[in-house]
Amino acid sequence: MKKRIKNISFVFLLGASIVLSLSLFLPSFGQTAEQQTDFKVTLLGTGSPLLSTTRSGPSTLVEVGDEKLLFDAGRGTALQLYKANLLPGSVDKLFLTHLHSDHTIGIPDVWLTGSLPTGGKRDQAFNIWGPKGTEKMMLHMNKAFKADLDARDDSGNGNVEGASIAANDIKEGIVYKRKGIEVMAFKVDHKSIEPAFGYRINYKGHSVVISGDTRYNENLITIAKGADVVIHEVAAAKPDNESETIANILDLHTTPEEAGKVFSQIQPKLAVYSHIVLLGGLTEEKANLLERTKKTYGGTVLVGEDLLSIEIGDKVQVQQPGNEATPGN
């Protein structure tokens, strides 16, 4: 059973999903039933390298204007897209924060399944932006699946265009700008791998920031100021932890108290935790992520769940995941 978010009141049912009112925290929340917005963020996966049946690997979908932008593709991303009523073929733009396997292991499924007629039959190349090494990774991935690609072509079921890859090694700065959408990559500090990026997506005077994996980072704070929503990673372990391995892992990430300091300087309308790393057998019930965050931040923070979605406009509306939906035609 998924843990319910505390201090949130249910206000009405919308189809199979539950719309949450956040008006207890911020007057602008929970008043957006009539809001028309084309800026929506869905947490496809909120997990980490840790195996979990309730949290898929890290991946965030940003639907902005008529574009679908995918940020990272962790374990189960294609299935999570399906649960969100989308086929992987509807996605042809992927932005990677870094090249750790938990953020990239879902790429072949999204890429290849999305090229098939049953997976949406992507009608153009699969475009990927990521740190140095992305182009080489995708070149070798294309070689690794050559037998599959050739066999489908030979049988007449191939999709040369939809299975083709356009990979881009990026640097800090604006990496995508089209139709009023601006995607900015900025460096963060994941210590074990460089470079690692976060992303800021700007559209019609609104924005969302995705931290990627990072320790407490001043560059993120500077770039994220003025953002409506900040999606940030978090890590925690039992207070009595004496494991050097766990201590080393924590040193790569951000504790709830540190994240609170980040949020207090950014002052977003909403902060949301994703890429939730709980170590040493720590359960979500005992992690006390929100309570620990409140020690350094008094604003609104949610512990993200898979398929939680956020609509961003003049107000911010959060929708909890409901029943699984079936993709339409």
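Structure above, values below:
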read-out	value
Out of 59, 90, sole residue that is in contact with a Gly (Cβ under 7 Å, 6 or more places away or on another chain), farther than 30 Å from residue 189 by Cβ and among the hydroxyl-bearing types (Ser, Thr, Tyr)	90
Residues of region 177-224 classified as open to solvent by 50 Å² or more (accessible area, probe 1.4 Å) and in a loop (DSSP other than H, G, I, E, B), total	9
From the options 157, 85, residue that is open to solvent by 60 Å² or more (accessible area, probe 1.4 Å), of a type in the set (S, T, N, Q), more than 30 Å from residue 205 (Cα to Cα) and not in a helix (DSSP H, G or I)	157
Breaking point among (1) of a type outside the set (Lys, Arg); (2) in contact with a helix residue (DSSP H, G or I) (Cβ under 8 Å, 6 or more places away or on another chain); (3) more than 18 Å from residue 42 (Cβ to Cβ); (4) free of Cβ contacts under 8 Å to residues at least 60 places away in the same chain, for residue 278	(4)
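Conditions (1) farther than 24 Å from residue 213 by Cα; (2) of a type outside the set (A, V, I, L, M); (3) touching a Phe, Trp or Tyr at 6+ places or on another chain (Cβ under 9 Å), marked per residue:
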position: 57; (1), (2), (3): no, yes, no
position: 80; (1), (2), (3): no, yes, no
position: 90; (1), (2), (3): yes, yes, no
position: 121; (1), (2), (3): yes, yes, no
position: 141; (1), (2), (3): no, no, yes
position: 147; (1), (2), (3): yes, no, no
position: 153; (1), (2), (3): yes, yes, no
position: 158; (1), (2), (3): yes, yes, no
position: 170; (1), (2), (3): no, no, yes
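The values are calculated or read from the model by the stated rules, or taken from the named source; none is laboratory data. Model, not experiment: these values are computed from the prediction. FYI the Cβ positions are ideal-geometry reconstructions off the backbone, even for glycines, and counts take in every protein chain you see. These accessible areas exclude ligands, DNA and RNA; they are computed on the full protein's heavy atoms, side chains included. Shrake-Rupley method; radii C 1.70, N 1.55, O 1.52, S 1.80 Å.
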